[in-house]
Each structure stands twice: as C-alpha cells, then as structure tokens.
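Enquirer: Questions regarding the structure given below will be posed in turn.
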Amino acid sequence: MLEAAVHIVQIPYPSWLNSGDNTWQLVAATFVGLMSLPALAVLYASLVQKKWAVNVLAMMFAGFSIVMVCWFLYEYKMGFGANSWGGGVKDGVQTQFGTGKGLSYFFHNFWGKPGPITSPAGLQNQAVSAANTAIPFHFPTATLAYFQFVFAAITPLLFMGSVLGRIKFSAWCLLVPLWSTFVYSINAFLLWGGGYFAQEGALDYSGGYVIHMSAGVSGFVAAWLLGPRLLRDRQHAIPNNLVMASVGAGILWLGWNGFNGGDPYYAGADAAAAVVNTNLATATGVIVWIAMDAWLSKEKKPTFLGGVNGMICGLVAITPSAGWVNGQGAIYVGAIATVVVWVAWNFLAKVKPFSKVDDALGVIYTHGIAGLLGGLMLGVFGDPGMIQYPCGPAIANMTYPSQSTACAPFSVSGWIYTGSAHQLWEQFRAAVWVILWSALVTFILMKLIGLVLRGARYSDEVLEVGDLAIHGEEAFPTETLGERVGAFAMAGEASAARQKAEATASSSGAAVSSSEEEPS
Amino acid sequence: MKLIVAVLKPFKLDEVKEALKALGVHGMTLTEAQGFGRQRGHTEVYRGAEYEVEFVPKIRLEVVVDDGQVDDVANAIVDAAGTGKIGDGKVWILPVDELIRVRTGERGAEAL
C-alpha cells in the first residue's frame, strides 16, 4: 500500500481552461437563453390579443428547439467553425489576410464547413474558432457553441413579431431552420467567424447587425409577402396583459447583461464595461421614449409600453458597440437611436412602403433601424481607450501575463476620437450586405415555403378563431365551461345526477328499470 | 313580484347596497357590465396606436321584490346611486312570473 508523501491538489482543468471564464460564459449564455424563454415569449404573448397568445408561445418554444438541434448537428460550424469552404479560414486561423480582394477571396471567407459537434471531443475540446483572433478561448467548444446558439435562437424569435397573427405554424417550423442556416450562419461567419467582413475590419460586438438588423429586415420582408393580419385583428390589436409584458421586458433587459457581457469571451474589465454601457444606453432609451410620448405624442401621456419600446431601442443600439464605447458614448447611442426610432415609429410608419406592410410588433423599427444605427454609431463613438483585449507588454501601469509580445491591445477608433471615417465606412459596407442578403434570402425562402405548403398564411376562417382553431388551446380557459370527454368513464360509476334521479323516482314510488342505467 | 334591474356607476355600489339592506331587501345579484347612454367613452393608447372605447364600466344590480315594496326600493336605488352627472345609469322594472328558492323548493312570496 502506497502512502502519499505529498498532498497533491488535483484540479481537473486542462491548462487552456480557465474556470472563471468558463463560468461567466456559461452564465452569460444562460441569461441570453432566458431572454428567449421565457422573456421574449412572455413579452410577445402579452402584447397580442388573447386569441393569439398560445400561437406565440408555441412558435417560441418550437423555434428555440429547432435551432438548438440544427446548431449542434451542423450549423455551429457554419457560423463559427475552424474551417471555411475554400480555406480562407483554416484551423481557426485566417489564412488570407489582406491578400487578393476578388470574388474568390470573398467566397473563401464566406461560410464555415458544416458538421456536428456532438461527440465527446467535439463538445469538450478547447474552442477553436476565428471568431476571436486576438487570444485563444479558455473554455471548451460546448461553452462557445451554446453561447452562440442562444444568439442564433433568439434571432428568428425576434422577427416572429412581424409575422404573427397569420403565419402557418408549419410555415414557421420550416422557416426557422432554413433561415437560420442560410441567413444567420452566413452573416455570423462573415462578421464574426473570421469571414470576409471580419477581416475587412467591420465590427459587431454582440450582434446589432447579425441579429437585430437582420431580424428587422427579414421580418419586414416576410410580413410583406404574407399579407396583413385580419382587419378586425388590426383594429383590436390591444395587449392582453401589461403586467406580464413587464415580466418579459424586465428579464429581456437584465438578460442582456449576458448578451453583451459575454461577448468579449473573457470575464475581464471589458465585459464589465459592456454590462454597464448596456444598462446606460437602455435606461436612456426608456427615459427618452417616455419623454417624447409625454411631450410630443397626440395624447401627451407618458406610456409604459413606450418605455418598453425605448428600452428595446437602447438595448439593440448598444449591442454592436457595448465594449468599445465609453459610458457617455453609451448614453449618446441610446438617446440617438431612441429619438430616431420614435420618429420612425410615429411618422415613417404612415409612409410607403412601411404603411403597406403589417409588421405586427414593429420589429423593423426597434430592431432593424436601431440595429443599423447602433452599428454605424460604433464608427462614430468607438473610444480607442476602451481596450477589449489588453495583452502584450505592460500598458499604462497594468501588466498582463501574456506570452505573445506580438499581441496588440484591441480597441475601436471612432470618428469623433480620430477624425477618421474608416471604421464608419466598414460598418456601412457590412450593413449593406446584411440588409440585402437577409432580404433576398428571406424572400426566396418565403416563396419556397409558400409553394411547398400551398400558402404560408392561414385561411380567414382560421384567423377569425385564432388559438383554438390552430392549437385547440386557449391561453385563459374557463374551467366551468369545459367538460372532459368521457367524464362518466372517469367517474367509474353512474353520474351523480343519474343516481339522484333514480333515488327521487324510487322514493315517489315509480318503478325504475335500472338495467339501462348501468355504466358501460 | 317584480324584477328591478339597475345599471349604475360602480363606485355607487356600497351606498346602494346599504340603502337596500335598510329597506329589508335580503338579497341581490351583481354583474359587472359595460354600457353607455349619453356618457362619452375614452381613448386608450397602446404602442402609439389609439383605441376608442365607447363603453364605460358599470355595475348591473338585480333584485326581486314584492309588489308592495317596488316603489320604495326603486326610489332608494335612484337616491343612493344618483350623482347628478351624465352616466348615472337607468333602472327598469319587469314583472316576475315565478320565484323559487333552490334549497327548499319554496315558491312565490315565500321565496323572497
């Protein structure tokens, strides 16, 4: 029997794994997951009429689940894999930096090669992706993949707000995996996975373009093709529960701490700054929208739902730049985006083409326009002092145990700090791509789905009823009125009514033939 | 016997109830209703869109009383519920063919 002469502390972490980073990344991912389920589900289901609440919930849960399965079976690698079609990204490293700007360069850095990440090695090995070229990831693939999944999942759920109230459930279940594969993973690879726009220098901290602007545009196109909701539904489009709407909105806001706080991939100072900036921009958005409603709207009343809209504008607008602007920049971003979207919501909505498209929850404004503005404003407000990855030799009284002296600290130089519009230009190019690609592919997919399903919208008869016709469920059923089918068989004996009838009949002397009263 | 139906402003319920109890009316039925006569409704705003609501919340009170008490009860309701402003409501009186107490099976005036 061996005696241990030295007490060895065993830690089951490989050298590349930092438990703090892994913890925060998984926590952040969970927060973002909560933003979908239940936050967005509850928020949207509260904003629609009662007769559409179940339909919203069902599409939320189904959409989230469908993306999850696709993501781990093949799609994660298309957005964040180590190898791209054509080899522009190989083993997580960009190989064609700055060389050849032709079409082949674009297409070699366009899309990751698909594949599953469900094997033990696939899940537990160190995450390798060109999504971050400054410093390697200090957590496993499962962590990075799940974190990226929750972003991929919420994106279609966001634009469900444009198409609800008439899209077929089957059409939704087809649209989600197809859209995610052909729009989301491509935009993700191009902007984050080490693809073309990432290499060109376009930046999107947490997905103002890839998620919000893309969702806004796609939802708008899908809503246009689907046609509007029933006239009566649009005339009575009153939210059914503002208290639950606040539950959804509150979790959406606080969950965003993970959305932006998790995107540096390191639990460091920039993550903390991103969280603060997120909340600053959001709080500003709430105040600005409420103020504009109180002073400028027809009713001149501060509205709670206006505050929620402002909240969303701030959240979306800060998303492309959360860790790269300073606190004041965050306030400007939130304020500017909210003012523009408020004006768009109240005035642009009355002008073609916006007046012709029934974007049921106004996703094109709060996500499309706010996302575009946020991405452009990074080019204006990016503060070179907000260093995302401090590394290399000592920087201003701080030392970093980095091995690479070639590592340069990363930050973004916006126009007001350097006078250079370079970043703004890169942001503009990337925006044009995301808008056009999202619109085009959504258009094609909706047409295809319409062909396959012989129409992607329900008939008017179904639309008039809503949840009961589609799901056989109501959001707020009344127990008094519903009777379980086969209730007598459930009771296992003659019903109370029949027993009493027999008793009354026999007590008054009438003969009762009981053979026909036997329960089956 | 008569059925007295009163559609009234909700905040007047307590006063009407006390007035009826003082007259010895033993029971009543209350429903929440929406109604309008000459009273204007209001506008609600959700997410920047305005919605006109013509109806105003009301309560609907129903009591069955003996013929001899009808005038007293109706006047008591009107006195207790009236504010002098538009929207006070209306009272109407219907004849009742039969009245039955569910627990005992009593009928007619005994069921009151």
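The values are calculated or read from the model by the stated rules, or taken from the named source; none is laboratory data. Fair warning: this is a prediction, and the values are worked out from it, not measured in the lab. Positions of Cβ are generated from backbone atoms using ideal geometry, with glycine treated the same way; all protein chains shown enter the neighbour counts.
Enquirer: Quick check: is even one residue across the stretch A:105-119 among the aliphatic types (A, V, I, L, M), assigned to a loop (DSSP other than H, G, I, E, B) and buried (at least 16 other Cβ atoms within 10 Å of the Cβ)?
Expert: Yes: one or more hits.
Enquirer: On to the next question. Of (1) crowded, with 23+ Cβ neighbours inside 10 Å; (2) more than 18 Å from A:Leu373 (Cβ to Cβ), A:Gly327 satisfies all except one. Which?
Expert: Of the numbered conditions (1) crowded, with 23+ Cβ neighbours inside 10 Å; (2) more than 18 Å from A:Leu373 (Cβ to Cβ), the odd one out for A:Gly327 is (1).
Enquirer: Quick check on this structure: which one of A:Tyr76, A:Tyr44 is within 22 Å of A:Gln148 (Cβ to Cβ), of a type in the set (Phe, Trp, Tyr) and either assigned to a helix (DSSP H, G or I) or in contact with a His (Cβ under 6 Å, 6 or more places away or on another chain) (or both)?
Expert: On the way: A:Tyr44 fails: within 22 Å of A:Gln148 (Cβ to Cβ).
From the options A:Tyr76, A:Tyr44, the qualifying one is A:Tyr76.
Enquirer: Something else about it: How many residues are within 14 Å of chain B (Cβ to nearest Cβ) and either touching a strand residue (DSSP E or B) at 6+ places or on another chain (Cβ under 7 Å) or assigned to a loop (DSSP other than H, G, I, E, B) (or both) when one looks only at the stretch A:296-334? Outline the logic, then answer.
Expert: Keep residues of the stretch A:296-334 that are within 14 Å of chain B (Cβ to nearest Cβ), which gives A:296-313.
Filter once more, so that each one left must be either touching a strand residue (DSSP E or B) at 6+ places or on another chain (Cβ under 7 Å) or assigned to a loop (DSSP other than H, G, I, E, B) (or both): A:297-303, A:305.
The number of residues fulfilling the criteria is 8.
Enquirer: Now, a different point. Here are some residues: A:Asp293, A:Asp270. Which one is within 14 Å of chain B (Cβ to nearest Cβ), touching a residue at least 12 places away in the same chain (Cβ under 8 Å) and in contact with a strand residue (DSSP E or B) (Cβ under 9 Å, 6 or more places away or on another chain)? Can you show your working first?
Expert: Working: A:Asp270 fails: within 14 Å of chain B (Cβ to nearest Cβ).
Testing whether each residue is within 14 Å of chain B (Cβ to nearest Cβ), touching a residue at least 12 places away in the same chain (Cβ under 8 Å) and in contact with a strand residue (DSSP E or B) (Cβ under 9 Å, 6 or more places away or on another chain) leaves just A:Asp293.
Enquirer: Modelled with pLDDT of 95 or more, surrounded by fewer than 24 Cβ atoms within 10 Å (Cβ to Cβ), in contact with a Lys or Arg (Cβ under 7 Å, 6 or more places away or on another chain) and away from chain B (no Cβ under 11 Å): does that describe A:Ala283?
Expert: The answer is no for A:Ala283.
Enquirer: Condition (residue is in the same structural domain as A:Ala360 (by TED's automatic domain parsing), touching a Phe, Trp or Tyr at 6+ places or on another chain (Cβ under 7 Å) and farther than 25 Å from A:Arg234 by Cβ) applied to the stretch A:154-161: is it met by at least one residue?
Expert: Yes, that holds for at least one residue.
Enquirer: Is it fair to say B:Glu110 is within 30 Å of A:Ile312 (Cα to Cα) and either charged (D, E, K, R) or not in a helix (DSSP H, G or I) (or both)? It would help to see each step written out before you state the result.
Expert: On the way: within 30 Å of A:Ile312 (Cα to Cα): no; either charged (D, E, K, R) or not in a helix (DSSP H, G or I) (or both): yes.
So B:Glu110 fails the test.
Enquirer: How many residues does the stretch B:29-81 hold that are within 14 Å of chain A (Cβ to nearest Cβ), outside any strand (DSSP E or B) and acidic (Asp, Glu)?
Expert: Adding up the residues that qualify gives 1.
Enquirer: What's the total number of residues in the stretch A:11-41 that are assigned to a loop (DSSP other than H, G, I, E, B) and either over 16 Å from A:Pro140 (Cα atoms) or not polar (S, T, N, Q) (or both)? First the steps, then the outcome.
Expert: Taking the stretch A:11-41 first, the residues assigned to a loop (DSSP other than H, G, I, E, B) are A:11-18.
Among the residues that remain, those that are also either over 16 Å from A:Pro140 (Cα atoms) or not polar (S, T, N, Q) (or both) are: A:11-14, A:16-17.
Counting residues in the stretch A:11-41 that are assigned to a loop (DSSP other than H, G, I, E, B) and either over 16 Å from A:Pro140 (Cα atoms) or not polar (S, T, N, Q) (or both) gives 6.
Enquirer: Is it true that some residue in the stretch B:36-49 is closer than 30 Å to A:Gly362 by Cβ, among the aromatic types (Phe, Trp, Tyr) and touching a strand residue (DSSP E or B) at 6+ places or on another chain (Cβ under 9 Å)?
Expert: no
Quick grid of which residues meet (1) surrounded by 20 or more Cβ atoms within 10 Å (Cβ to Cβ); (2) more than 14 Å from chain B (Cβ to nearest Cβ); (3) within 16 Å of A:Ser36 (Cβ to Cβ):
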{"residue": "A:Phe220", "(1), (2), (3)": "yes, yes, no"}
{"residue": "A:Leu230", "(1), (2), (3)": "no, yes, no"}
{"residue": "A:Asp233", "(1), (2), (3)": "yes, no, no"}
{"residue": "A:Leu242", "(1), (2), (3)": "no, no, no"}
{"residue": "A:Ala249", "(1), (2), (3)": "yes, no, yes"}
{"residue": "A:Phe259", "(1), (2), (3)": "yes, yes, yes"}
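Enquirer: Are any of the residues in the stretch A:324-334 farther than 16 Å from A:Ala249 by Cα, assigned by TED's automatic domain parsing to the domain that holds A:Trp433 and modelled with pLDDT under 95? If you could, list the steps in order and put the result at the bottom.
Expert: If we filter the stretch A:324-334 for residues that are farther than 16 Å from A:Ala249 by Cα, which is where we start, we get A:324-334.
Narrowing further to those that are assigned by TED's automatic domain parsing to the domain that holds A:Trp433: A:324-334.
Next, from what is left, pick out any that are modelled with pLDDT under 95: none.
No.
Enquirer: Also, I was wondering about something else. Got a sec? Which of A:Thr133, A:Thr143, A:Thr155 is in contact (Cβ under 8 Å) with a residue 24 or more places away in the chain and outside any helix (DSSP H, G or I)? Break it down into steps so the answer makes sense when it comes.
Expert: Values: A:Thr143 fails: outside any helix (DSSP H, G or I); A:Thr155 fails: outside any helix (DSSP H, G or I).
The unique qualifying residue is A:Thr133.
Residues are listed down the side, and each one gets a yes or a no for (1) touching a residue at least 12 places away in the same chain (Cβ under 8 Å); (2) of a type in the set (Val, Ile, Thr):
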| position | (1), (2) |
| --- | --- |
| A:Ala322 | yes, no |
| A:Gly327 | yes, no |
| A:Val341 | yes, yes |
| A:Lys350 | no, no |
| A:Val357 | yes, yes |
| A:Val363 | yes, yes |
| A:Thr366 | yes, yes |
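Enquirer: Further question: Checking the conditions here, which among A:Phe347, A:Phe354 is more than 22 Å from the chain's Cα centre (by Cα), aromatic (Phe, Trp, Tyr) and either away from every other protein chain (no Cβ under 14 Å) or buried (at least 17 other Cβ atoms within 10 Å of the Cβ) (or both)?
Expert: Working: A:Phe347 fails: either away from every other protein chain (no Cβ under 14 Å) or buried (at least 17 other Cβ atoms within 10 Å of the Cβ) (or both).
The unique qualifying residue is A:Phe354.
Enquirer: Right, here's the next one. Under the condition of being touching a residue at least 40 places away in the same chain (Cβ under 8 Å) and charged (D, E, K, R), which residue from the stretch B:36-82 is nearest to B:Pro10 (Cα to Cα)?
Expert: Going through the qualifying residues, I end up with B:Lys58.
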